[in-house]
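Written out below as structure tokens is the structure these notes cover.
Since every read-out is calculated from the coordinates, none of them should be taken as a lab result. This is a predicted model, so every value here is computed, not measured. We place every Cβ from the backbone using ideal geometry, glycine too, and count neighbours over all the protein chains shown.
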Amino acid sequence: MLIKSNSQGFVHPITSDITPLAAYQSRRSMIRLMANGVAGAALASWAGREALAQAWAPPGKHAALASVKTAVVGGVTMEKVTDYKDVSTYNNFYEFGVDKADPVQYAQALPTSPWHVDIEGLVKKPGRFALEDLLKLSAQEERIYRLRCVEGWSMVIPWVGYSLSALIRKVEPLGSAKYVEFVTLADPKTMPGVRSQVLDWPYVEGLRLDEALHPLTLLAFGMYGEVLPKQSGAPLRLVVPWKYGFKSGKSLVKIRFTENQPKTAWNKAALHEYGFYSNVNPAVDHPRWSQDTERRIGEDGLFTKKRKTLLFNGYEAQVGQLYTGMDLKKYF
Amino acid sequence: MAGVPTQRWVARVNALCLHAWSKPLLFVLMLLPLVTLVAAVALDQLSANPAQALVRSTGDWTLRSLCLVLAVTPVRVGLHLPALARWRRLLGLFVYFYATLHLLTYSWLDMGFELNDIAHDIPKRPFILVGFTGYVVLAALALTSPSWVVRLMGGKNWRRLHQLVYVVAGLALLHFFWMRAGKNDFADVWLYTAIISLLLGWRLVRAVNFMKNKPMSL
């Protein structure tokens, strides 16, 4: 039987933990100070330091794209932003080749102006949107999202764009619309990878309508305060932060509203490996590797152990309710 | 058999291969890939994902050294350069060296030396099992490479054991093919398959010819 004596059962605070009497007694004046804004100013400088840790210099490589703060919950992670150099040179964009270094090398010849996006399918107002009109359709916001690649690496990227829902509401989906299909550019003349047989071109991705309407689902036009570089999906792309990166199609040319689940490029290539949902989930392994951990690009050292991957890439609080009652192992 | 080569350059190349400095030079040359990789890591020139780049390039260099060592005999016989035989063991040991680095980078950089995780990873990625099997065979060949082991084993047994390098070549290609299958990206796989098929095919043709020319013994 364990009998706790006085000395074992009670943990004494160390002296430094005890609030000095004077400080305790002056707490009211402290609160008053804060209310008066004096401490507020002090806090502001502290917050400023925090913001500084988040800041990055716009790389100065492309036209600036101004943005406002976002009100979307979960829209700005406080994690360290990945270097622009890594984000813009380590890309999966198979239209330009399967090597990570191919997109930055071969995408620069892609003409991105003029550009338009066709809205088709089950909507009241289908039509063709010019890029200039899409840019102005809603206020451009800055969103700092985690990006988790299905291959087991991740980045933190400050995107510029607005919730895709703004565009969806504008075109008024019909009641029969259940899914949204995203078709991306496949131009064999400017995209050398399209001549290969790696995937069935054009690259097609899809979301359930409620996923597409989620405020975190972003129609992005820029990153790091500038318009998107071509290797990252200029002039506009999708960003769905709680799904593996390949769900976020680049260089979009068509958005189609459908009743049936779209046949995505990766579903067609390997249905048993890449499901329609492809939500980030450490408990559901890729058939050929574990999804339990990830390497944060540019941050985790060569010999650092990989970090744990979070359910829905850490956006469970925001998107978990989309999948209530769903077997995530079956609908992977 | 072909006549005695009269070209002077063949004799010269052969003499160069026999030069006392030729082997140390080969040794340094074969270390260059490693030196380049280490320098690239130090200078942060190895893409945004240096760990993955290291695992892949050590694998590439294993395959390249394997092609080199398998080319020794065809080149030696085809070009009448008997001196090349001196290089074979060194090149073979470099195959094992880069394979060791490959295994080490995978288990360290990718898996953090977590044996438990590695054990769970292998059934999910059978191509790793294929690669590891090849590595075990290579280790047996490397361990039996010293001259005194050759003497101990006897030439016939040693030769038989070391013919397993052909099995290693097959396993290495399967390992590479399977790894690339995820992206349907087979261009490099076909290239290495073509090179190795050529080198092994040459041996097959030679063996068949040898059997044909040999008087039948009942």
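Can you give the % of DSSP beta bridges in the protein assembly as shown that are antiparallel, to the nearest 5? Show your work: numbers first, answer last.
Values: 39 of 47 bridges.
Counting DSSP beta bridges with both partners in the protein assembly as shown, the antiparallel share is about 85 percent.
Averaged across B:45-53, how many Cβ atoms of other chains sit within 10 Å of each residue's Cβ atom? Show your work: numbers first, answer last.
On the way: counts 0, 1, 7, 15, 10, 5, 9, 7, 1.
The per-residue average across the peptide is 6.
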### Summary
For chain B, the longest principal axis of the Cα atoms and the Cα long axis of helix B:187-213 enclose an angle in degrees, to the nearest 10, of 30 degrees
### Query
In terms of the Cα gyration tensor, with a ≥ b ≥ c the square roots of its eigenvalues, is the range A:139-178 rounded because a/c is under 1.5, prolate because a/b exceeds b/c, or oblate?
oblate
### Query
In nm², what is the average projected area of the convex hull enclosing the Cα atoms of the range B:3-200?
13.9 nm²
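Using the number of other C-beta atoms within 10 angstrom as an exposure proxy, rank B:175, B:80 with the fewest first. The partial results should precede the final answer.
Working: B:175 24, B:80 17.
Starting with the residue having the fewest Cβ neighbours, the order is B:80, B:175.
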### Query
Using alpha-carbon positions, what is the distance between the centroids of the range B:161-218 and the range A:157-231, in Å?
45 Å
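Please work out the ratio of the alpha-carbon Rg of the range B:12-80 to 2.2 N^0.38 Å and round it to two decimals.
Working: Rg = 15.9 Å, N = 69, 2.2 N^0.38 = 11.0 Å.
So the Cα radius of gyration is 1.44 times the expected 2.2 N^0.38 Å.
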### Summary
Among B:124/B:183; A:178/A:329; A:124/A:178; A:61/A:254; A:306/B:124, the pairs whose Cα-Cα distance exceeds 20 Å are A:178/A:329; A:61/A:254
### Query
Quick one: Cα centre-to-centre distance for the range B:48-84 and the range A:103-147, in angstrom?
47 Å
#### Entry: Debye, to nearest 20: dipole size of the range B:3-200, +1 on Lys, Arg Cβ, -1 on Asp, Glu Cβ
1140 debye
